[in-house]
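Quick note: the coordinates plus some simple rules give every number you see, no bench work behind them. Computed from a prediction, not measured in an experiment: that's the story for all the values here. All Cβ positions, glycine included, derive from the backbone under ideal geometry; neighbour counts span all protein chains shown.
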Amino acid sequence: MNDPEEQVSGDWRQIFGALANEETRRFYAQRVLGLESDLRPERAAKADANLRKARLIDNEGVPDSGIFARLLAHGAKSEPRVGQQRFFDAQGRLDRYPKNHEERVSLLRLISGRVIGHGEHLSEAQLTAKLGEITDDPVLLRRYLVDYGVVLRQPDGSSYRLADGSD
C-alpha cells in the first residue's frame, strides 16, 4: 500500500462522496462498531466497494482508524495563497473568480497567456480542451475571456487568439 500521507491529498472528495450515501454510511458505521451488516448482500458489496475506493476500509474490510486525522493534518499544512494564486486550488485548477473587475481581468490575462501562445490561433474545440485542463467549466471561462476582451473570437466562431495585437 502507498504512503498514507500521499493517499490523503485529494481523497476528501471521495470520502465525502462515499459517506453521503446513506447505505454506505450505515455500512461504514457497522464496520467501525464491529457489527454485522443489515444490508442485503448486493447492497453491502456496493457499500464495501465505495468504502474501499475512498480508502475508509482496507482490503480486508477493516476501517482505517487514522484516515480522518491524516486528512485534517494534510489540510492544515497548506500555506495561504496570495496574489492570483489564491484563485487556484492546490492542483492548479481555477477555484473561483475574483469579484474585483481589475483582478478578474488580470487573472483572465494570466490564464489566456498559459493556454494561447503569442500569434497562435485556436479552434473552439482546441481552446475549450486547453481551458478544461484549468477549470471544471471551460465554456464559462472561454466566454469570460471573450467578454472581457482578453481573447478575440472570429465572428463565425472558427478561431480564437490573444487580444494582444498579434496576428
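Side notes on the structure shown:
- Based on Cα contacts under 8 Å between residues 6+ apart, the range 18-167 shows a relative contact order of 15 percent.
- Shape call, the range 109-151: gyration tensor on alpha carbons, a/c limit 1.5: rounded
- When the Cα gyration tensor is reduced to axis lengths a ≥ b ≥ c, the ratio a/c is 1.5 or higher for the chain, and with a/b above b/c it is classed as prolate.
- Top of L33, L51, L127 by mean-square fluctuation, Gaussian network on the chain, Cα under 10 Å: L33
- Of P98, P138, P41, the one that fluctuates the most in a GNM where the chain has Cα springs shorter than 10 Å: P41
- Gap separating the Cα centres of the range 134-167 and the range 82-115, nearest whole Å: 15 Å
- Sum of side-chain charges, V32 neighbourhood, beta-carbon under 12 Å (Lys, Arg +1; Asp, Glu -1): +2
- The mean sequence distance of close C-alpha pairs (under 8 Å, at least 6 residues apart), as a share of the length of the range 31-77, puts its relative contact order at 29 percent.
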